[in-house]
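Have a look at the structure below, then the notes.
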Amino acid sequence: MNQDSLKKATADAAMEYILPSLEKNTVIGVGTGSTANYFIDALAQYRNDFDGCVASSEASTQRLKAHNIPVYDLNSVDNIPFYIDGADEVNSSLQLTKGGGGALTREKIVAVVAKEFVCIADESKKVATLGSFPLPVEVIPMARSHVGRELVNLGGDPSYREGVITDNGNVILDVWNLTITDPVSLEQAINNITGVVSNGLFALKPADILFLGEKTGVRKVVSE
Ligand code: 5RP
């Protein structure tokens, strides 16, 4: 199986996992990226078995709407049993780096509101230590240089993602060369920099369950 087939297999496994819990009034949180897109396409087949979705990006909103799936503003929803999304890296504690697609802030908001974060990822995303993938940080535009200097003080090597404006109107710094041995502390330290909107570490609230697509099949993983 190639990487795309593995991504699709994990999305199908997540669909199967949530299916018994779906009710007519269920609202599902949906992430962003190519793996999440496979999940959106799987969800479309069950369109009449749930109410609608809250999406973590404009791109996912458009894809859901193309399938005639209603998309709700998070402020109008008070119960999201599941959030399903991909990741750029995942460790054995199900802590993640995310934001390769630039949607990290809305992803983190929906993930925090949801009761259960179901991560879907192919085996290339599994790592012993987070940090090989450059860590995305969403920044208020006027604070870009200041935040960059502070990220250097934290040991990173930030690079401006040129030409990218997030759905929230901000910019992204991708931080290279971090060996993230204490993801919770680093997530907090970056959050504390004035001008940072959010960062792509999902360690304070990791995923609850992972469907990992391996060549031998999809493995359900819970935190070690
Ligand atoms: C987008 C994300 C994605 O979940 C992450 O980049 C993985 O993407 P893909 O499923 O395309 O490999 O965090 O902001």
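For the chain, a simple Cβ point-charge model (Lys and Arg +1, Asp and Glu -1, everything else neutral) yields a dipole of about 120 debye relative to the Cα centre. Note that the range 115-211, at 37 °C in a medium of 0.692 mPa s, gets a Stokes-Einstein diffusion coefficient of 232 µm²/s from its Kirkwood radius over C-alpha pairs.
Dividing the convex hull volume of the alpha-carbon atoms in the range 56-150 by its residue count gives 132 Å³ per residue. Convex hull volume per residue, computed on the Cα atoms of the range 1-123, equals 99 Å³.
Relative contact order for the chain using alpha-carbon pairs under 8 Å, separation at least 6, rounded to a whole percent?
So the answer I get is 22 percent.
What a 1.4 Å probe finds exposed on the range 90-185 is 52% carbon and sulfur by accessible area, rounded to a whole percent. For the range 65-123, a crude dipole built from +1 on the beta carbon of Lys and Arg and -1 on the beta carbon of Asp and Glu, taken about the Cα centre, is about 220 debye to the nearest 20. Each residue of the range 68-75 is assigned a 3J(HN,Hα), and the resulting list reads 6, 9, x, 10, 9, 5, 4, 5 Hz, derived from the Karplus form 6.51 cos²θ - 1.76 cosθ + 1.60 (θ = phi - 60°), x at Gly and Pro. Take the Kirkwood radius over Cα pairs of the chain, plug it into Stokes-Einstein at 10 °C and 1.306 mPa s, and you get 91 µm²/s for translational diffusion.
For the range 91-106, 3J(HN,Hα) computed residue by residue from phi via the Karplus equation (6.51, -1.76, 1.60; θ = phi - 60°) reads 9, 6, 8, 6, 7, 10, 10, 9, x, x, x, x, 9, 4, 5, 5 Hz, glycine and proline entered as x. Considering the dipole of the range 100-224 built from charges on the beta carbon (Lys and Arg +1, Asp and Glu -1) around the Cα centre, which of 222, 132, 178 is farthest to its positive end? Selected residue: 222.
Computed over the range 119-219, relative contact order equals 39 percent, with contacts defined as Cα pairs under 8 Å that lie 6+ residues apart. Note on the chain: lysine pairs with Cα distance below 14 Å, sequence gap of 8 or more or different chains, count 14. Using equal-weight Cα scatterers in the Debye expression, the normalised intensity of the range 1-65 in log10 at q = 0.21, 0.23, 0.28 Å⁻¹ is -0.83, -0.97, -1.30. Based on protein heavy atoms only, the chain ends up with 45 Å² per residue of surface accessible to a 1.4 Å probe. Distant-in-sequence amide contacts of residue 214, defined by a placed amide H-H separation under 5 Å and a gap of 5 or more residues or a different chain, comprise 219.
Under a 5 Å amide H cut-off, with hydrogens placed 1.01 Å from N, residue 130 pairs with 180 among residues at least 5 apart or on other chains.
The values are calculated or read from the model by the stated rules, or taken from the named source; none is laboratory data. No experiment lies behind these values; they were computed from the predicted model shown. Counting neighbours? That spans all protein chains shown, and the Cβs are built from the backbone with ideal geometry, glycine included. The area values use the complete protein model at the heavy-atom level, side chains included, leaving out ligands, DNA and RNA. Shrake-Rupley method; radii C 1.70, N 1.55, O 1.52, S 1.80 Å.
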